[in-house]
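Reading through the structure tokens given below for one structure.
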Amino acid sequence: MISDICSFIRYGENKYPAAYFKSGMGSVTIYSNGKYIMQGLKTSEEPNLLFSTLKKELSPPLDASLFSPPIICNLVCLSSFNHSIDLNQLLLTLQGLNCDVIYEPESFPGLILKEDLCTYNIFSSGKFVILGCKSIISALNADSLLLTRNIL
């Protein structure tokens, strides 16, 4: 098992079947099939930097030539309107615009707005999460699009 070879890798078999690698810039969840997920990164350069660090730390016990470099599949971004939002009113407005929207406060405290290129989770505090973007540029565009709409 990799956690037996590398003391900095933690394996949570009882909680979740994956190994965890943490560094100063983020963390990596490594699955037994060889796939991995990077979390907590703040810039577009950090995935490659973290990948290089991971490769250095995991070799020689593992053959680093077999590692595949990271690709961005899903960015999760946080933004804010800087004011509170009446989610019931927003739901009615978005439904009137034929948007794909869900608001069920009994099961999730935010309003979910699904767009073609991303999904928004909007909270009454005015904060919102942008999910599903594949690039920093599309995340920035998604942020600008929501902030400039006249629905809030």
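Has the range 96-109 got at least one residue that is closer than 20 Å to N82 by Cβ and at pLDDT 95 or above? Yes, the range 96-109 has at least one match. Restricting attention to the range 28-44, the residues that are in a strand (DSSP E or B) and either surrounded by 15 or more Cβ atoms within 10 Å (Cβ to Cβ) or more than 17 Å from the chain's Cα centre (by Cα) (or both) add up to 6.
The values are calculated or read from the model by the stated rules, or taken from the named source; none is laboratory data. The model shown is predicted, which means the values in this text are computed figures rather than measured ones. Backbone-built Cβ (ideal geometry, glycine too); neighbour counts: all protein chains shown.
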